Amino acid sequence: MSYLTALLASGHLKAAFSCGNEMLDNYLHKQAGQDMKRKLSACFVLTDDYREIKGYYTLSSASIQRGQLPESLIKKLPLGYNDLPVTLLGRLAVDIRFKGHGIGRLLLIDALKRSYETSVASVASMAIVVDPVDDAAKSFYSKYGFISLPGSGKMFIAMATVVQLF
Ligand SMILES: CC(C)(COP(=O)(O)OP(=O)(O)OC[C@H]1O[C@@H](n2cnc3c(N)ncnc32)[C@H](O)[C@@H]1OP(=O)(O)O)[C@@H](O)C(=O)NCCC(=O)NCCS
């Protein structure tokens, strides 16, 4: 089976998507399209027939404060950069019918690759930040090298680490 990721469009069957987390389901059903129109986030969906959504993720530009990063990373940054450019992987979810088949991994790799390519080609970004919804999500991201940002529920992976994956 080959899968495609594409920007959410009107032909996709949003209402049929259910990942078991009401907030993430509602976001896709009701808000993702509006957010795209307002340029608040870009929503990418994974399909195998152009219509049925097996999973989705969102990306947007964001910044984090220097003090939020671990000391080991701060040491490597020049002084004067207090707000650092990052990419926010705001949401990522897989439909319950397709969990456990590697789709979460495919979505995450697609999001990392897209973010990395954008950071090289057009808009600089030093890390990808996620805001895990619960401990299960934290454990999923940890598996792929995301590290907790001290003092917040967020996690990040440096772009310098992502580049080693591709
Ligand atoms: C978390 C989620 C995206 C995983 O999707 P999935 O398609 O079932 O995951 P995959 O089949 O691609 O699994 C890839 C790997 O991650 C592991 N994994 C999956 N869920 C995990 C979890 N909750 N904790 C730790 N590892 C997990 C799998 O065991 C697998 O490891 P392996 O390659 O060594 O076998 C999915 O369960 C989901 O949509 N959850 C609800 C929404 C959510 O929590 N989103 C993330 C934060 S916003």
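The values are calculated or read from the model by the stated rules, or taken from the named source; none is laboratory data. Predicted model, so just to flag it, every value in this text is computed and none were measured. Glycine also receives a Cβ, built like all others from the backbone with ideal geometry; neighbour counts cover every protein chain displayed.
Would it be correct to say that ALA6 is in contact (Cβ under 8 Å) with a residue 24 or more places away in the chain, within 16 Å of the ligand (Cβ to nearest atom) and surrounded by 11 or more Cβ atoms within 10 Å (Cβ to Cβ)?
Working: in contact (Cβ under 8 Å) with a residue 24 or more places away in the chain: yes; within 16 Å of the ligand (Cβ to nearest atom): no; surrounded by 11 or more Cβ atoms within 10 Å (Cβ to Cβ): yes.
No; evaluated as a whole, the condition is false for this residue.
Within the stretch 72-112, how many residues turn out to be free of Cβ contacts under 8 Å to residues at least 24 places away in the same chain and either away from the ligand (no atom under 11 Å from the Cβ) or β-branched (Val, Ile, Thr) (or both)?
11
List the number of the failed condition for LYS113; all other conditions in (1) under 18 Å from the mean Cα position of the chain (by Cα); (2) at positive phi hold.
(2)
Let me confirm something: among SER63, SER115, which residue is more than 15 Å from the ligand (Cβ to nearest atom), modelled with pLDDT of 95 or more and surrounded by 18 or more Cβ atoms within 10 Å (Cβ to Cβ)?
Working: SER63 fails: surrounded by 18 or more Cβ atoms within 10 Å (Cβ to Cβ).
When all the criteria are applied, what remains is SER115.
Is it the case, given these coordinates, that LEU69 is crowded, with 19+ Cβ neighbours inside 10 Å, more than 16 Å from the ligand (Cβ to nearest atom) and over 30 Å from ALA15 (Cα atoms)? Give the steps one after another, and end with the answer.
Numbers: crowded, with 19+ Cβ neighbours inside 10 Å: yes; more than 16 Å from the ligand (Cβ to nearest atom): yes; over 30 Å from ALA15 (Cα atoms): yes.
Yes, satisfied.
How many residues are of a type in the set (A, V, I, L, M, F, W, C) and exposed (fewer than 13 other Cβ atoms within 10 Å of the Cβ) if we restrict to the stretch 78-95? Quick ask: steps written out before the conclusion?
Of the residues in the stretch 78-95, the ones of a type in the set (A, V, I, L, M, F, W, C) are 79, 84, 86, 88-89, 92-94.
Imposing the further condition that a residue be exposed (fewer than 13 other Cβ atoms within 10 Å of the Cβ) reduces the set to 79.
Within the stretch 78-95, residues that are of a type in the set (A, V, I, L, M, F, W, C) and exposed (fewer than 13 other Cβ atoms within 10 Å of the Cβ) number 1.
Condition test on ALA160, is it more than 15 Å from the ligand (Cβ to nearest atom) and surrounded by fewer than 16 Cβ atoms within 10 Å (Cβ to Cβ)? Even if it seems obvious, please write down each step before you answer.
Numbers: more than 15 Å from the ligand (Cβ to nearest atom): yes; surrounded by fewer than 16 Cβ atoms within 10 Å (Cβ to Cβ): yes.
When the stated conditions are applied, ALA160 passes them.
I need the full set of residues from the stretch 31-60 which are in contact (Cβ under 8 Å) with a residue 40 or more places away in the chain, charged (D, E, K, R) and surrounded by 17 or more Cβ atoms within 10 Å (Cβ to Cβ), in order please.
Scanning the stretch 31-60 gives a single hit, LYS54.
From the list SER142, SER152, which one is polar (S, T, N, Q), more than 12 Å from the chain's Cα centre (by Cα), within 30 Å of HIS29 (Cα to Cα) and modelled with pLDDT under 95? Give the derivation first.
Details: SER142 fails: modelled with pLDDT under 95.
Matching residue, one of SER142, SER152: SER152.
Quick one: count up the residues across the stretch 119-148 that are assigned to a helix (DSSP H, G or I), more than 7 Å from the ligand (Cβ to nearest atom) and surrounded by fewer than 16 Cβ atoms within 10 Å (Cβ to Cβ).
So the count comes out to 4.
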